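The values are calculated or read from the model by the stated rules, or taken from the named source; none is laboratory data. Just so it is clear, the model here is predicted, and its values are computed rather than measured. Quick reminder, even Gly has a Cβ in these numbers, built from the backbone with ideal geometry, and neighbours come from all protein chains shown. Areas reflect the complete protein model, heavy atoms only, side chains present, ligands, DNA and RNA absent. Shrake-Rupley method; radii C 1.70, N 1.55, O 1.52, S 1.80 Å.
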Amino acid sequence: MEEVKVNVMMFGGKRCGKTSVIAAMKDCFGEVFKQDLSIFSSDATSPILEDKLNEIKDSFNLVDKGRTFSEDTADYSGTSEINEYNISIQLKKLQKGKSLINLNFIDYPGEWIKNNRGDVSEIMKKSRIIMITIDTPFLMEHTRDNKNDSVGRYNNKRNSCDAIADMLQNSFSDVNDQTFPIMIMFVPLKCEKYYNAGKMNLVNEKIHAAYKKVFDFVSDKYRKIFEVAITPILSFGPKGIEFSRFETDENGEIKENAAGIPANPIYIFKAPKKEDNKYSPLYCEQPILYSLAYLLSVAEKAKKEEPWLVCFFTEFFGGAASLYDFMEQKKKIIRNLKTEGDGFEIFQDPLGFKE
């Protein structure tokens, strides 16, 4: 069996929903490409993702218990272990086991960004795709003013924007024009409220403001190195559940947990009838599509480019013959990329996704 394995490092705050994102991505991708590609997870990963997907779907049953429910972040403890979630993609027309693209999502413990930066940096340097997940209500709510470049007062504590920017700069400070291409994806989550209100472009603007140091870094001297995109997802879908507010005490003050962030974000069922509150995820397949577009574009580039890229390509992916088996799917994958509207953006495009 020929297998291409690529590490996808996931950045994001503790308990912001990274595992749920992977479950939703796998589920939605399987629906979009079910005619041509199979997607499945490893024996260790499958039960975790199944539980998370059921958790998302079960949220819709809470409508019987009231019009709102809370996401309890009061217990802010996180795991001390690195978690890896393994997803494989296979061409249906090939015999089983013939050729695989293996995406290995690495979720590091949140506190490591403060206390174990050396370890995080080593993981990052071995990852070809960096996925920065964003808890969107914390980005958007309780800004200092109504300006588009103002972000929520809890945003940096929840989403660790400054720490992530420092990690990226320190880990990739020695990149140059001979560095193997790297993909950075910003993936805002829990966007239903802002999608329904027609404010996804504002979400995009606030991401640029919150992660300004990252955008400045990648666009300074490294336009040929970093493929950069913003790919929002709606894991609940726009029909029924969206963020409402942070819970307050009897004095009207936001209840905070030990880390100084809101302890109980409140979500609301918008539709008046239970049957109208539907699980209808939107755009969740996009991060996997972008990952595949990255891999196939790099493979195509390695075939045409200078020997240095071929050598690096072989170092990261071996012979990678299986990647070329997928090449006929590249046009369809690129065609299905959402590149603009609803907050989507390809900020930097050295691999030519938009060509």
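In region 205-237, which residues are within 25 Å of LYS278 (Cβ to Cβ) and open to solvent by less than 10 Å² (accessible area, probe 1.4 Å)?
First pass over region 205-237, keeping only residues within 25 Å of LYS278 (Cβ to Cβ): 231-237.
Those that are within 25 Å of LYS278 (Cβ to Cβ) and open to solvent by less than 10 Å² (accessible area, probe 1.4 Å): THR231, PRO232, ILE233, LEU234, GLY237.
Residues in region 172-204 that are over 25 Å from PHE353 (Cα atoms), of a type outside the set (Lys, Arg) and crowded, with 19+ Cβ neighbours inside 10 Å: 2 in all. Flag not set for PHE246, criterion: open to solvent by less than 70 Å² (accessible area, probe 1.4 Å) and farther than 29 Å from LYS52 by Cβ. When each of TYR283, TYR267 is tested for being on the phi < 0 side of the Ramachandran plot, in contact with a Ser or Thr (Cβ under 8 Å, 6 or more places away or on another chain) and among the aromatic types (Phe, Trp, Tyr), the lone residue that passes is TYR267. Taken together, the criteria exclude GLN169 from residues that are outside any helix (DSSP H, G or I) and surrounded by fewer than 21 Cβ atoms within 10 Å (Cβ to Cβ). Every condition in (1) assigned to a strand (DSSP E or B); (2) touching a Lys or Arg at 6+ places or on another chain (Cβ under 7 Å); (3) not polar (S, T, N, Q) is met by ILE132 except one, and the failing one is (2).
Region 196-280 holds strands (runs of 3 or more DSSP E) entirely within its bounds, and those carrying 3 or more residues that are under 22 Å from the mean Cα position of the chain (by Cα) map to 226-230, 241-246. So is ASN83 under 16 Å from the mean Cα position of the chain (by Cα), open to solvent by 30 Å² or more (accessible area, probe 1.4 Å), modelled with pLDDT of 75 or more and over 16 Å from ALA259 (Cβ atoms) or not? Answer is yes for this residue.
Out of all the residues in region 8-51, which are of a type in the set (Lys, Arg) and more than 21 Å from PHE186 (Cα to Cα)?
Correct list: LYS34 only.
Residues that are assigned to a helix (DSSP H, G or I) and either at pLDDT below 65 or open to solvent by 40 Å² or more (accessible area, probe 1.4 Å) (or both) do occur in region 289-300.
Each residue in region 44-58 was checked for being within 19 Å of the chain's Cα centre (by Cα) and touching a residue at least 40 places away in the same chain (Cβ under 8 Å), and 2 pass.
Scanning region 121-151 for residues that are without any contact (Cβ under 8 Å) to a residue 40 or more places away in the chain and either under 26 Å from TYR85 (Cβ atoms) or under 20 Å from the mean Cα position of the chain (by Cα) (or both) yields one hit, GLU122.
Selection over region 141-158 of residues that are among the charged types (D, E, K, R) and either outside any loop (DSSP other than H, G, I, E, B) or buried (at least 16 other Cβ atoms within 10 Å of the Cβ) (or both) gives a count of 3.
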